[in-house]
């Protein structure tokens, strides 16, 4: 005789909803690694026992949160991006930016839980179907990845990071409007008009072996420990063991774990494209494609995991957040020094820098979730985007490049 599912009381259903809402609040307040059943229960207005009666541990709570609420938000975001790639128009591209502007705490939490799931086995088992059914919808086994999928998943990566960044630093509506126009022009480019570009194995993202000095050895150890275990679980003791030194030796150089991670972050993030002298090449044909290809490459695995975990931790640390903002603002520091360039053009250059940062960081972060991006032809997004930027984004790009080079030579940018 088939078993009938027991109908749950209205109170039990209401308690579940309260717990999930409280769990989202806690994820955003303290981060996935610091969520506790006790705090969630208190936030939901329930007794300690009532929460533990519902969930065995925090991992089970996160699983329920993903399956009941967050997965649907991630699917909605992904489908918006894919629809825009399949049928580009104002009526399909606009909803992506409507989604960003109207983002809810659940949308931000869905991004954080998705990006964190790779190192929480119980949670990853439940997130895996989303990865396989959406992020890996096209793979090498089913033939070459289509231009539509390449564009859609690149936009998803960009949107995901945009939602996370806006939750931390605020929404710039003028930037969103410019980006929406550029994205529409990018997607309207016929894939048959996009030529292949010759790529080379990325070298800029590779983490080189440490030298003989303790600082480079600590940086190398910090990359690995933080990238694999997350910022919270990356204790000074674990880093010291990896660097073959004592915790005391670390504290002689750095007052805290925050300072150690910031030093490692500065060392690792000094990529070629993030210096003004090299950024001017980013709109050369093939350069942006190479940049995205390098971000998704397995050669970049240590770098991208460390960068992701540092960014996630920065959501709950003013010191880390300040370090990241300082690093990302280095490129924009040259803009006020440009002469004979209108304020509108300067703003457009600022938006160009941000858009390239967001899409690059998005591909970097999403590549920690799935290997499928290694097989994506990023040129299907990068080349049309480059053309749109040169045509409508910053039409005085050549004049800007000339001035930036002069500033590099005279002021050392």
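Measuring between their Cα centroids, the stretch 15-71 and the stretch 82-145 lie 23 Å from each other. With 0.36 nm allotted per residue and the present C-alpha distance subtracted, the residue 327-residue 301 stretch has 7.3 nm of extension available.
Label-to-label distance, residue 374 versus residue 192, with points set 7 angstrom from Cα along the beta-carbon direction: 3.3 nm. Using the average count of surrounding beta-carbon atoms within 10 Å as a protection proxy, the listed peptides 34-40, 169-175 rank, highest first, as 34-40, 169-175. Compared with the direct C-alpha span, the chain from residue 7 to residue 390 gains 131.8 nm at full extension, assuming 0.36 nm per residue. Here r is the Cβ-Cβ distance between residue 199 and residue 102 and R0 is 35 Å; the resulting FRET efficiency, rounded to 0.05, is 0.40. Based on the reciprocal of the average 1/r between different C-alpha atoms, the Kirkwood radius for the chain equals 22.8 Å. Each peptide in 309-322, 371-384, 347-360, 181-194 was scored by the mean count of other Cβ atoms within 10 Å over its residues; highest first, the order is 371-384, 347-360, 309-322, 181-194.
Across the stretch 214-259, Cα-Cα pairs farther apart than 11 Å form 61% of the total.
Taking every DSSP helix (H) stretch of at least 4 residues in the chain, weighting each as -39,500 (n - 2.57) and dividing the sum by the residue count yields a mean residue ellipticity at 222 nm of -20000 deg cm²/dmol.
Using the average count of surrounding beta-carbon atoms within 10 Å as a protection proxy, the listed peptides 59-71, 288-300 rank, highest first, as 288-300, 59-71.
Each value in this text was obtained by applying a stated rule to the coordinates, not by laboratory testing. This one's a predicted model, so the numbers in the text were calculated from it and none came from an experiment. Methodologically, a virtual Cβ is constructed for each residue, glycine included, from the backbone with ideal geometry; neighbour enumeration extends over all protein chains shown.
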